[in-house]
Each structure stands twice: as C-alpha cells, then as structure tokens.
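Each value in this text was obtained by applying a stated rule to the coordinates, not by laboratory testing. Computed from a prediction, not measured in an experiment: that's the story for all the values here. Using ideal geometry, Cβ is built from the backbone for each residue, glycine included, and neighbour counts are taken over all protein chains shown.
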Amino acid sequence: MTFRWVLLLVLLVPLLVAGGFLVLRLEGHAPQVAHDLAEPFVGAPREIVLEITERGRGLQTIRVSVVQGGRETLLEELDFDGSMLWAGSGVLTHRLPLNLDAHALSLEEGDALMRIEVRDYSWRNWWHGNLTVTELPLLVDTRAPQIEVLSRQHYVNQGGGGAVVYRLTESCASHGVEVGGHFYPGFPAGGKDPKTMIAFFAVAYDQGPDTAVLASATDFAGNQTKMGFHCRIRAKSFRKDVLNISDAFIGSRMVPLLAAAGQSETDLTKVFLAVNRDMRQANYDQLTGLGKQTIPEKLWQGSFLRLPKSANRAQFADHRVYRYKSEVVDRQVHLGADLASVQQSPIPAANNGRVVFAEAVGIYGNTVVLDHGFGLFSLYAHLSAIKVQTGDRVDKGDTIGQTGVTGLAVGDHLHFGMMVHDTFVNPIEWWDDHWINDNILTKLKLVEPVS
C-alpha cells in the first residue's frame, strides 16, 4: 500500500466516524404520544394517561396544558436530565397520569384543547431536539344529567325483582338503579322517545326494608346524579333447614366433584368445605357473571313456565345449616327452587330467550342459562341431558333438557333459578301472571310505542 493510500485512510476514517456520530446525534425520529382519552368530555375529576416514547437519545421535556378562550392552564411540565452531553437523558418511555377536573381548572362549558409538547435530546434544530405537538379537542360539560322517573309506585319483595321506567335529559355513559350500592344497568326502553329507559333491578334476599334504592345516571364527562324514588321493600322471612352430612355422602358425591376439578384431599371435612363452600362460590361467580351478556330488548312474553307436574322440594333462600359429626361445619343459602317430577322429565324453556350457557359447572352439574333480555335470566341445573347449545334461540315451552342428578343433586330434580343481572330472585314471582302484570307490564305500558 502506497503512502498516498495510507494518508487517505488516515484522513477518511476519522471523517467517517465523525459522520456516523453526527448521524446518530442528529436522528430525526420525533417522540410519539399515545393516550387513553376515548371520549373528549371533561367535567367531573377523571384520570387520563399519556404514554410517551422516544427512539433516540431520550426525552428532554414534556409540557401539557389546557387551552380555552385564549387562556392556557398548565397541567404538567417535566424536564429530563441530559447533563451527559453524549448520552442525552436515556429515558425512552414515560407514563404520565393526568387529572382532568373542569372545576379545578376553572374551565367553562364549551370547547377546549389539550396541548401536549414533547422534545427529545436530538441535536437537530440547532440542538433544540425534535418536537412533537399533539392537540386533543375537549368538550367541557359540568352539568349533571337529570332523571325523571315515569313509573310511580314500586313495591318489591325482599329477595324479589322490580322495574322502573325513567327519562334522561342527555345521553349517558351509564344509568340504572342502585340497590344498597349494587348497580343494575338500564337500557333504552325501545319506544318513541330515545331518552326513555327501563331498568330491571333486584332486592337480594339479605337486603331489608331499609335498603336505599336510587335511580342513577352518569354522563360521558363523569357528572353523576342519584335520586330516590318511591320504592317500598316488603320484608320476607325464609325457611331454615338443618342438613346432616354423612361420610358416605361426602365420599360418593363430593370427592368425585373435587377430583374432577383437579384437586385431591383425604380429610373429609376439608373435602366438604372445598366443595360446599369454595366450589359453590366459584360456580356462583361464574353463573352470575353471565348477567353481562344480556341483550337490550325484551324477549319474553307473559308468565314463566314451571316444570309441569312437579312438586317443590326446596324453596328460594332456604337458609341451610350443615352438620357433620354433630358439629356445624357450614352455612349456605339455596338460591332457587328445587322441583321434582318423574325421573328425566323433559324441561321446557320457561319463556322465549337466548341460550348463553349450556355445559357442566361444578355443584350445579349440567346447566342451561337463558337470557330473556333487559338483564333477566332463567337457570336450569342438575340436568341429565342438555338439548340446546350456546347461541340457540328458544321459544317458551321448547325442551332444553331433562331433569337429573348431576352435580351435587340428591335425587332426580330440577334446580330452577331466576336472575336479574347478577342477583338471584324468587322464581315464584315470575310464575305469577298477576305479579308480572302489576310490577312489570304496567310499567312497560308507560313507554310510548314507535308509530
């Protein structure tokens, strides 16, 4: 290699290194801003989160403000240490939670803008870095929605259901009825006025006459209204039973259920509690969770069918005390009606509906659940055979299965339950034409039909 080439390499290598260095320092990838502001409304306090990412030398500054009518209010301003000249800040991601509160920010009704300005430590723009400016339109709304209850009198049994018809002054993110703090969502009633709503609600078996019942509405800005309405809860008492548990019963019925769930236990007391308490609760949670799958329309017509030619073996909300070897080991509440007819009797769908569950589940055995719309469900458990599939539509009286002894059943029978959203209620009400007319249909008549 000649001296000339050696000299050229000596001169070029530093230039190439310096050029590569400058390219890296002059990178042009601007920071990226993501957010979870799904709706533009600002009113009651709410938190939004900004996710800010950078691909180069790190974040330099973040500045977030709200602008309205020429006035700017600073929400957050951050500076990231870049004292290491060559390295920048090295912060490539930052999660920034922000509190939006129209009153605290002195915002007025109407349009506003959230401005997000982010710089990185690139040497571009004369060492000022790449700048990203994101502007999000906001709509300030500080007025709470108003509720007008249209149905006048509501008499609900402890352990029973009811319905209320009401009108909202605006579209809302959520609305319905709270019973003792438990929320039951409402739906458009399907009439001429799109702001007329209906909510089916329940008073659980353990909620007495003093339980607060409130109509509730929250708009998209988070403004909320709660108001009482005429609702009288009739106190009810429920039967108490003492059930004596034997080793044979635990061994023949509970041990197999526990084994099917992948568990093994030799202590029979622990087996009993694992099934009667823990599995029961898990199964209850699974089934009541189906309440979220309801469709916003009324599918059912008239009273609900009872298993033909059947006798009651257990009633709704029977309070059961379980004794094993002369000691009380558990207490549970029976949340349905047990109906017995001849073995493997065909089970009719209690009313028109949609199958949302059709499979085996723990202590309930083979189980079918029908959605009747507006949050109303019927449940059929301990079946020897299931004749429907999830997604099927059924008419009142269609055979959906046969009675049996699956799960924790003692003797061939049907465990029949009614749920309002995620709360079991007394099925007797829904078998009664008179009760349905007085408590449900008279309220539905308040909905003006579409012409």
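Step through the table entries K236/K445; K298/K443; K192/K292; K192/K443, compare each Cα-Cα distance with 22 Å, and write down the pairs that go over it.
Details: K236/K445 28 Å; K298/K443 13 Å; K192/K292 26 Å; K192/K443 15 Å.
Among K236/K445; K298/K443; K192/K292; K192/K443, the Cα-Cα distance tops 22 Å for K236/K445; K192/K292.
Each peptide in 143-151, 425-433 gets a packing score, the mean of other Cβ atoms within 10 Å over its residues, and the list from highest to lowest is 425-433, 143-151.
Considering only DSSP beta bridges whose two residues both sit in the stretch 240-420, what percent are antiparallel, to the nearest 5?
Numbers: 39 of 45 bridges.
Looking only at bridges with both residues in the stretch 240-420, the antiparallel portion is about 85 percent.
Sparse packing (at most 16 other Cβ atoms within 10 Å of the Cβ) combined with a DSSP loop state is found for the following GluC sites (Glu not before Pro) in the stretch 290-363: E297. Amide H to amide H distances under 5 Å link V425 with M418, M419, V420, where only residues 5 or more positions off or on other chains count and H is placed in the peptide plane.
Students often check this: by mean Cβ neighbours within 10 Å, which of 103-114, 270-281, 346-357 ranks highest, and how do the rest follow? Please report the intermediate quantities before stating the final value.
Numbers: 103-114: 14.5, 270-281: 18.7, 346-357: 21.7.
Peptide ranking by packing, descending: 346-357, 270-281, 103-114.
For the stretch 271-314, dividing the convex hull volume of the Cα atoms by the residue count gives 112 Å³ per residue. Legend: calculated FRET efficiency, R143 to E76, from the Cβ-Cβ distance at R0 = 30 Å, rounded to 0.05, equals 0.65. Mind pulling the angle between the C-alpha long axis of helix 3-25 and the longest principal axis of the chain? Nearest 10 degrees, somewhere in 0 to 90. It works out to around 40 degrees.
Counting DSSP beta bridges with both partners in the stretch 88-240, what percentage is antiparallel, nearest 5? Taking every DSSP beta bridge with both residues in the stretch 88-240, the antiparallel ones total about 90 percent.
Computed over the alpha-carbon pairs of the stretch 307-375, the distance histogram in 10 Å steps reads 16, 35, 36, 11, 2 percent, short to long.
Put simply, the convex hull of the Cα atoms in the stretch 29-140 casts, on average, a shadow of 7.0 nm².
Once you charge only the Cβ atoms, +1 for Lys and Arg and -1 for Asp and Glu, what is the size of the charge dipole of the chain about its Cα centre, to the nearest 20 debye?
With only Lys, Arg, Asp and Glu charged at Cβ, the dipole is about 900 debye.
Please express the shape of the stretch 147-236 as an equivalent ellipsoid: the semi-axes are the square roots of 5 times the eigenvalues of the C-alpha gyration tensor, given largest first in whole angstrom.
After diagonalising the Cα gyration tensor, the semi-axes are 23, 14, 10 Å.
For R57, the residues whose modelled amide H falls within less than 5 Å of its own, excluding neighbours fewer than 5 places apart on the same chain, are Y121, S122. Averaging over all projection directions, the Cα-based convex hull of the stretch 240-420 occupies 10.0 nm² in the image plane. Helix content alone sets the calculated 222 nm mean residue ellipticity of the chain: runs of n ≥ 4 DSSP H residues at -39500 (n - 2.57) each, divided across all residues, give -3500 deg cm²/dmol. Only beta bridges with both residues in the stretch 29-140 are counted; by DSSP, about 95 percent of them are antiparallel. Seen from every direction in turn and averaged, the convex hull around the alpha carbons of the stretch 214-278 projects onto 9.5 nm². Here the Karplus curve 6.51 cos²θ - 1.76 cosθ + 1.60, taken at θ = phi - 60°, turns the phi angles of the stretch 101-117 into couplings of 9, 4, 5, 5, 8, 6, 7, 9, 4, x, 7, 8, 9, 9, 10, 10, 10 Hz, with x standing for Gly and Pro. Relative contact order, whole percent, for the chain stands at 12, derived from Cα pairs under 8 Å and 6 or more residues apart.
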